[in-house]
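The values are calculated or read from the model by the stated rules, or taken from the named source; none is laboratory data. Remember, predicted model here, so these are calculated numbers, not experimental data. Counting neighbours? That spans all protein chains shown, and the Cβs are built from the backbone with ideal geometry, glycine included. Accessible surface areas use protein heavy atoms only, side chains included; no ligands, DNA or RNA. Shrake-Rupley method; radii C 1.70, N 1.55, O 1.52, S 1.80 Å.
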Amino acid sequence: VSQMSFLWEAINSGGPALCFHAGAVVRDALYIHGGVNDRLASEPSSNLWKFDVSSFSWAHIESPGSPHLSHHTAVTQHDRYLILIGGWTGKSRTAEVYIFDCLEEKWITSKTEGFPRGAGLSSHTATSLQDGNIIVTGREGGLRTQRRAGSTFRLSGNASRRGCSFQYSDTSMGMASRSGHTAASLTRNRLAIIGGRADNLLEYIKVPVAVQAYPELTDKLSVLSTKVQPSSKPPGGRKNHISVSTGDLVVVHGGETFDGKAKAAVSDLWLMDTRGGQLQWMKVECSAGCGGVARAGHVGYSWRPATVDESGM
(Lines give C-alpha, C1' and ligand atoms only; values in the text may rest on other atoms or scores of the structure.)
Protein backbone atom coordinates (compact mmCIF):
# COMPACT_ATOMS: atom_id res chain seq x y z
CA VAL A 1 0.00 0.00 0.00
CA SER A 2 1.31 3.47 -0.85
CA GLN A 3 -0.13 6.75 0.37
CA MET A 4 -1.95 7.34 -2.91
CA SER A 5 -2.88 3.90 -4.24
CA PHE A 6 -2.46 0.16 -4.04
CA LEU A 7 0.55 -1.58 -5.50
CA TRP A 8 0.33 -5.23 -6.46
CA GLU A 9 3.56 -7.19 -6.09
CA ALA A 10 4.11 -10.85 -6.95
CA ILE A 11 5.93 -12.28 -3.93
CA ASN A 12 6.16 -15.91 -5.11
CA SER A 13 5.05 -17.69 -8.27
CA GLY A 14 5.79 -21.24 -7.19
CA GLY A 15 2.60 -21.98 -5.26
CA PRO A 16 -0.38 -24.15 -6.21
CA ALA A 17 -2.75 -22.99 -8.97
CA LEU A 18 -6.15 -23.29 -7.28
CA CYS A 19 -9.56 -21.72 -6.84
CA PHE A 20 -12.31 -22.24 -4.27
CA HIS A 21 -9.77 -23.41 -1.70
CA ALA A 22 -9.59 -22.44 1.98
CA GLY A 23 -6.79 -20.87 3.96
CA ALA A 24 -5.75 -19.25 7.23
CA VAL A 25 -2.69 -17.89 9.04
CA VAL A 26 -1.09 -19.95 11.82
CA ARG A 27 2.22 -19.06 13.48
CA ASP A 28 3.23 -16.57 10.79
CA ALA A 29 2.58 -19.04 7.97
CA LEU A 30 -0.21 -19.29 5.41
CA TYR A 31 -1.92 -22.67 5.12
CA ILE A 32 -3.87 -23.45 1.93
CA HIS A 33 -6.10 -26.51 1.65
CA GLY A 34 -8.09 -28.24 -1.07
CA GLY A 35 -9.82 -26.40 -3.87
CA VAL A 36 -9.98 -27.20 -7.58
CA ASN A 37 -7.62 -26.32 -10.43
CA ASP A 38 -10.45 -25.10 -12.68
CA ARG A 39 -13.80 -23.46 -11.87
CA LEU A 40 -15.65 -26.22 -13.79
CA ALA A 41 -13.83 -29.09 -12.07
CA SER A 42 -15.95 -31.23 -9.74
CA GLU A 43 -13.24 -33.28 -8.01
CA PRO A 44 -11.62 -31.25 -5.21
CA SER A 45 -8.05 -31.66 -4.04
CA SER A 46 -6.91 -32.90 -0.63
CA ASN A 47 -3.54 -31.14 -0.84
CA LEU A 48 -2.32 -28.99 2.03
CA TRP A 49 0.26 -26.27 1.38
CA LYS A 50 2.24 -24.03 3.71
CA PHE A 51 3.68 -20.65 2.72
CA ASP A 52 6.50 -19.51 5.01
CA VAL A 53 6.36 -15.70 5.08
CA SER A 54 9.91 -15.42 6.42
CA SER A 55 11.49 -17.26 3.48
CA PHE A 56 8.69 -16.62 0.94
CA SER A 57 8.68 -20.32 0.08
CA TRP A 58 5.99 -22.97 -0.42
CA ALA A 59 6.02 -26.49 1.03
CA HIS A 60 3.58 -29.33 0.34
CA ILE A 61 2.57 -31.02 3.60
CA GLU A 62 1.95 -34.73 3.28
CA SER A 63 -0.16 -36.11 6.12
CA PRO A 64 -2.66 -38.99 5.90
CA GLY A 65 -6.33 -38.21 6.45
CA SER A 66 -6.56 -34.94 4.55
CA PRO A 67 -10.14 -34.50 3.20
CA HIS A 68 -11.00 -33.76 -0.42
CA LEU A 69 -12.80 -30.40 -0.26
CA SER A 70 -13.56 -27.24 -2.19
CA HIS A 71 -15.85 -24.26 -1.47
CA HIS A 72 -15.08 -24.72 2.25
CA THR A 73 -13.86 -22.28 4.90
CA ALA A 74 -11.08 -22.18 7.46
CA VAL A 75 -10.48 -20.59 10.86
CA THR A 76 -7.82 -21.18 13.48
CA GLN A 77 -7.70 -21.96 17.19
CA HIS A 78 -4.90 -21.33 19.71
CA ASP A 79 -2.54 -20.24 16.89
CA ARG A 80 -1.99 -23.95 16.29
CA TYR A 81 -5.03 -25.68 14.81
CA LEU A 82 -6.42 -25.20 11.29
CA ILE A 83 -10.19 -25.80 11.39
CA LEU A 84 -11.85 -26.66 8.05
CA ILE A 85 -15.63 -26.29 7.92
CA GLY A 86 -18.06 -27.71 5.37
CA GLY A 87 -17.58 -27.67 1.61
CA TRP A 88 -18.00 -29.85 -1.46
CA THR A 89 -16.49 -33.35 -1.29
CA GLY A 90 -16.80 -34.17 -4.99
CA LYS A 91 -20.00 -36.08 -4.31
CA SER A 92 -22.04 -33.94 -1.93
CA ARG A 93 -22.01 -30.91 0.34
CA THR A 94 -20.93 -31.52 3.90
CA ALA A 95 -21.03 -29.68 7.21
CA GLU A 96 -18.25 -31.78 8.76
CA VAL A 97 -15.42 -30.16 10.71
CA TYR A 98 -11.82 -31.25 10.05
CA ILE A 99 -8.82 -30.33 12.22
CA PHE A 100 -5.14 -30.10 11.33
CA ASP A 101 -2.52 -29.69 14.04
CA CYS A 102 0.00 -27.31 12.45
CA LEU A 103 2.57 -27.93 15.19
CA GLU A 104 2.65 -31.72 14.91
CA GLU A 105 1.56 -31.65 11.24
CA LYS A 106 -1.15 -34.27 11.56
CA TRP A 107 -4.92 -34.50 11.11
CA ILE A 108 -7.01 -34.97 14.25
CA THR A 109 -10.18 -37.03 14.39
CA SER A 110 -13.19 -35.05 15.61
CA LYS A 111 -16.95 -35.48 15.80
CA THR A 112 -19.47 -33.06 14.23
CA GLU A 113 -23.01 -32.80 15.59
CA GLY A 114 -26.12 -30.65 15.37
CA PHE A 115 -26.33 -29.72 11.67
CA PRO A 116 -29.70 -30.33 9.95
CA ARG A 117 -29.92 -33.77 8.37
CA GLY A 118 -29.90 -33.90 4.58
CA ALA A 119 -28.22 -30.49 4.29
CA GLY A 120 -24.67 -29.24 3.86
CA LEU A 121 -22.55 -26.12 3.50
CA SER A 122 -20.66 -24.60 0.58
CA SER A 123 -19.58 -21.09 -0.42
CA HIS A 124 -20.30 -20.00 3.17
CA THR A 125 -18.26 -18.03 5.72
CA ALA A 126 -16.81 -18.85 9.14
CA THR A 127 -15.67 -16.21 11.65
CA SER A 128 -14.14 -16.56 15.11
CA LEU A 129 -15.99 -15.04 18.06
CA GLN A 130 -14.57 -13.56 21.25
CA ASP A 131 -15.58 -16.61 23.30
CA GLY A 132 -13.75 -19.02 20.99
CA ASN A 133 -16.88 -20.18 19.18
CA ILE A 134 -17.40 -19.73 15.43
CA ILE A 135 -20.25 -18.06 13.53
CA VAL A 136 -21.08 -19.71 10.19
CA THR A 137 -23.20 -17.83 7.64
CA GLY A 138 -24.61 -18.57 4.22
CA ARG A 139 -25.57 -21.52 2.17
CA GLU A 140 -27.48 -24.30 3.83
CA GLY A 141 -28.66 -26.50 0.97
CA GLY A 142 -29.49 -30.10 0.20
CA LEU A 143 -26.49 -32.35 -0.15
CA ARG A 144 -26.65 -32.10 -3.95
CA THR A 145 -29.02 -29.22 -4.71
CA GLN A 146 -28.18 -25.60 -5.49
CA ARG A 147 -30.85 -24.20 -3.16
CA ARG A 148 -29.72 -21.24 -1.07
CA ALA A 149 -31.11 -20.17 2.28
CA GLY A 150 -29.98 -17.38 4.56
CA SER A 151 -28.76 -19.35 7.57
CA THR A 152 -26.51 -18.61 10.53
CA PHE A 153 -25.08 -21.20 12.90
CA ARG A 154 -22.97 -20.99 16.02
CA LEU A 155 -20.29 -23.69 16.00
CA SER A 156 -18.75 -24.59 19.36
CA GLY A 157 -15.79 -26.83 20.06
CA ASN A 158 -12.18 -26.83 21.20
CA ALA A 159 -9.59 -28.51 18.98
CA SER A 160 -7.07 -28.77 21.84
CA ARG A 161 -9.23 -31.22 23.80
CA ARG A 162 -8.67 -34.94 23.39
CA GLY A 163 -11.55 -36.55 21.49
CA CYS A 164 -12.91 -33.11 20.60
CA SER A 165 -16.33 -32.58 19.07
CA PHE A 166 -17.94 -29.59 17.34
CA GLN A 167 -21.60 -28.73 17.82
CA TYR A 168 -23.79 -26.62 15.50
CA SER A 169 -26.71 -24.60 16.86
CA ASP A 170 -29.07 -22.52 14.70
CA THR A 171 -28.96 -18.81 15.62
CA SER A 172 -31.69 -17.64 13.17
CA MET A 173 -30.48 -14.05 12.67
CA GLY A 174 -32.68 -13.37 9.64
CA MET A 175 -29.81 -12.97 7.19
CA ALA A 176 -30.59 -12.58 3.48
CA SER A 177 -29.96 -15.54 1.19
CA ARG A 178 -26.30 -15.46 0.08
CA SER A 179 -23.66 -17.70 -1.47
CA GLY A 180 -20.07 -16.84 -2.34
CA HIS A 181 -20.15 -13.91 0.09
CA THR A 182 -17.56 -12.74 2.63
CA ALA A 183 -17.68 -11.77 6.31
CA ALA A 184 -15.59 -8.96 7.82
CA SER A 185 -15.17 -8.51 11.59
CA LEU A 186 -15.69 -4.90 12.76
CA THR A 187 -15.69 -3.11 16.10
CA ARG A 188 -18.83 -2.62 18.19
CA ASN A 189 -19.75 -6.33 17.78
CA ARG A 190 -20.54 -6.08 14.09
CA LEU A 191 -20.01 -8.69 11.40
CA ALA A 192 -20.30 -7.21 7.89
CA ILE A 193 -21.72 -9.66 5.36
CA ILE A 194 -20.68 -8.57 1.86
CA GLY A 195 -21.93 -9.80 -1.52
CA GLY A 196 -23.09 -13.26 -2.47
CA ARG A 197 -26.14 -11.91 -4.32
CA ALA A 198 -27.03 -9.41 -7.06
CA ASP A 199 -28.67 -6.89 -4.71
CA ASN A 200 -28.42 -5.90 -1.04
CA LEU A 201 -24.62 -5.86 -1.16
CA LEU A 202 -24.08 -5.30 2.57
CA GLU A 203 -25.77 -6.22 5.83
CA TYR A 204 -24.63 -6.40 9.44
CA ILE A 205 -25.03 -9.11 12.02
CA LYS A 206 -24.76 -8.15 15.69
CA VAL A 207 -22.42 -10.70 17.24
CA PRO A 208 -19.30 -10.48 19.47
CA VAL A 209 -16.67 -11.11 16.79
CA ALA A 210 -12.94 -11.31 17.48
CA VAL A 211 -11.65 -8.16 15.77
CA GLN A 212 -8.15 -8.09 14.33
CA ALA A 213 -6.37 -4.78 13.90
CA TYR A 214 -3.05 -4.28 12.14
CA PRO A 215 -1.87 -0.79 13.18
CA GLU A 216 0.52 -0.17 10.28
CA LEU A 217 -1.99 -1.35 7.70
CA THR A 218 -4.76 0.62 9.42
CA ASP A 219 -2.64 3.78 9.31
CA LYS A 220 -1.84 3.36 5.62
CA LEU A 221 -5.48 2.69 4.72
CA SER A 222 -6.53 5.70 6.78
CA VAL A 223 -4.18 7.92 4.79
CA LEU A 224 -5.41 6.34 1.58
CA SER A 225 -9.01 7.12 2.52
CA THR A 226 -8.17 10.83 2.62
CA LYS A 227 -6.70 10.72 -0.89
CA VAL A 228 -9.52 8.89 -2.65
CA GLN A 229 -12.86 10.47 -3.46
CA PRO A 230 -15.77 8.54 -1.91
CA SER A 231 -17.96 6.86 -4.51
CA SER A 232 -21.48 8.16 -5.06
CA LYS A 233 -22.73 4.58 -5.05
CA PRO A 234 -21.47 1.28 -3.66
CA PRO A 235 -19.97 -1.44 -5.85
CA GLY A 236 -22.39 -3.70 -7.67
CA GLY A 237 -23.33 -7.14 -6.43
CA ARG A 238 -20.59 -9.74 -6.56
CA LYS A 239 -19.63 -13.20 -5.37
CA ASN A 240 -16.46 -15.22 -4.85
CA HIS A 241 -14.48 -12.09 -3.92
CA ILE A 242 -12.34 -11.52 -0.82
CA SER A 243 -12.67 -9.11 2.11
CA VAL A 244 -9.79 -8.32 4.46
CA SER A 245 -10.51 -6.16 7.51
CA THR A 246 -8.41 -4.22 9.98
CA GLY A 247 -10.42 -2.44 12.66
CA ASP A 248 -13.30 -0.69 10.85
CA LEU A 249 -11.64 -0.60 7.43
CA VAL A 250 -12.25 -3.36 4.89
CA VAL A 251 -10.49 -4.07 1.59
CA VAL A 252 -12.75 -5.83 -0.95
CA HIS A 253 -11.16 -7.31 -4.05
CA GLY A 254 -12.16 -9.15 -7.20
CA GLY A 255 -14.93 -11.70 -7.56
CA GLU A 256 -17.59 -12.23 -10.20
CA THR A 257 -20.29 -9.66 -10.85
CA PHE A 258 -23.96 -10.09 -11.76
CA ASP A 259 -23.90 -7.80 -14.81
CA GLY A 260 -24.00 -10.51 -17.45
CA LYS A 261 -20.27 -11.25 -17.08
CA ALA A 262 -20.63 -13.40 -13.97
CA LYS A 263 -18.10 -15.99 -15.15
CA ALA A 264 -15.34 -13.44 -15.70
CA ALA A 265 -13.27 -12.48 -12.67
CA VAL A 266 -12.89 -8.74 -12.12
CA SER A 267 -9.97 -6.73 -10.75
CA ASP A 268 -12.01 -4.14 -8.82
CA LEU A 269 -10.45 -3.07 -5.52
CA TRP A 270 -12.61 -1.15 -3.02
CA LEU A 271 -12.03 0.32 0.42
CA MET A 272 -15.03 0.18 2.76
CA ASP A 273 -14.77 2.68 5.62
CA THR A 274 -17.21 2.22 8.52
CA ARG A 275 -15.46 4.46 11.05
CA GLY A 276 -17.56 6.90 13.03
CA GLY A 277 -20.76 4.98 12.38
CA GLN A 278 -20.85 6.09 8.74
CA LEU A 279 -20.35 4.03 5.60
CA GLN A 280 -18.21 5.15 2.68
CA TRP A 281 -17.09 3.17 -0.35
CA MET A 282 -13.96 4.20 -2.26
CA LYS A 283 -12.73 2.61 -5.47
CA VAL A 284 -8.94 2.40 -5.44
CA GLU A 285 -6.84 2.39 -8.58
CA CYS A 286 -3.51 0.60 -8.88
CA SER A 287 -0.30 2.59 -9.12
CA ALA A 288 0.74 3.68 -12.61
CA GLY A 289 1.95 0.74 -14.65
CA CYS A 290 0.80 -1.77 -12.05
CA GLY A 291 -2.25 -3.13 -13.85
CA GLY A 292 -5.18 -4.83 -12.18
CA VAL A 293 -5.19 -8.34 -10.76
CA ALA A 294 -8.40 -10.14 -11.71
CA ARG A 295 -9.28 -12.95 -9.30
CA ALA A 296 -12.28 -14.95 -8.12
CA GLY A 297 -12.49 -17.95 -5.82
CA HIS A 298 -9.29 -16.77 -4.11
CA VAL A 299 -8.41 -16.17 -0.46
CA GLY A 300 -6.93 -13.11 1.24
CA TYR A 301 -5.00 -12.38 4.42
CA SER A 302 -3.64 -9.47 6.41
CA TRP A 303 0.01 -9.94 7.28
CA ARG A 304 2.13 -7.18 8.78
CA PRO A 305 1.46 -3.99 6.74
CA ALA A 306 0.37 -5.77 3.57
CA THR A 307 -2.69 -7.50 2.22
CA VAL A 308 -1.80 -10.84 0.61
CA ASP A 309 -3.98 -12.15 -2.22
CA GLU A 310 -3.48 -15.86 -2.95
CA SER A 311 -4.34 -17.89 -6.05
CA GLY A 312 -7.86 -17.97 -7.54
CA MET A 313 -9.11 -17.91 -11.09
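A few points about this structure:
- Output for region 214-235, where each listed residue is at pLDDT below 90, touching a Gly at 6+ places or on another chain (Cβ under 9 Å) and in a loop (DSSP other than H, G, I, E, B): TYR214
- Search result, residues across region 212-237 that are without any contact (Cβ under 8 Å) to a residue 40 or more places away in the chain, under 20 Å from the mean Cα position of the chain (by Cα) and more than 13 Å from ASP273 (Cα to Cα): ALA213, GLY236
- Residue match in region 199-213 (condition: assigned to a loop (DSSP other than H, G, I, E, B), among the charged types (D, E, K, R) and surrounded by fewer than 18 Cβ atoms within 10 Å (Cβ to Cβ)): yes
- Cross-chain or 6+ apart pairs with Cβ under 9 Å, region 109-131 first and over 28 Å from SER243 (Cα atoms), then acidic (Asp, Glu) and assigned to a loop (DSSP other than H, G, I, E, B): PRO116/GLU140
- Residue check, GLY138 surrounded by 16 or more Cβ atoms within 10 Å (Cβ to Cβ), closer than 25 Å to THR246 by Cβ and at pLDDT below 90: yes
- All conditions but one from (1) out of contact with any Lys or Arg (no Cβ under 7 Å at 6 or more places or on another chain); (2) open to solvent by 50 Å² or more (accessible area, probe 1.4 Å); (3) at pLDDT below 85 apply to LYS283; the one that does not is (3).
- Candidates in region 160-179 are the residues that are buried (at least 20 other Cβ atoms within 10 Å of the Cβ) and at pLDDT 95 or above; of these, the one that is farthest from ILE108 (Cα to Cα) is TYR168.
- Scanning region 95-122 for residues that are open to solvent by less than 20 Å² (accessible area, probe 1.4 Å) and not hydrophobic (A, V, I, L, M, F, W, C) yields ASP101, GLY120, SER122.
- Pair list, Cβ under 6 Å, 6 or more apart: region 155-171 residue closer than 11 Å to VAL97 by Cβ, other residue basic (Lys, Arg) and open to solvent by 70 Å² or more (accessible area, probe 1.4 Å): SER165/LYS111
- Considering region 15-45, and only residues there that are in contact with a Lys or Arg (Cβ under 9 Å, 6 or more places away or on another chain) and of a type in the set (A, V, I, L, M), the residue that is surrounded by the fewest Cβ atoms within 10 Å (Cβ to Cβ) turns out to be ALA29.
- Filter result for the condition that a residue is free of Cβ contacts under 8 Å to residues at least 12 places away in the same chain, among the hydroxyl-bearing types (Ser, Thr, Tyr) and more than 29 Å from ALA119 (Cα to Cα), over SER57, SER13: SER13
- Scanning region 51-67 for residues being surrounded by fewer than 17 Cβ atoms within 10 Å (Cβ to Cβ) and under 29 Å from LYS91 (Cα atoms) gives a total of 7.
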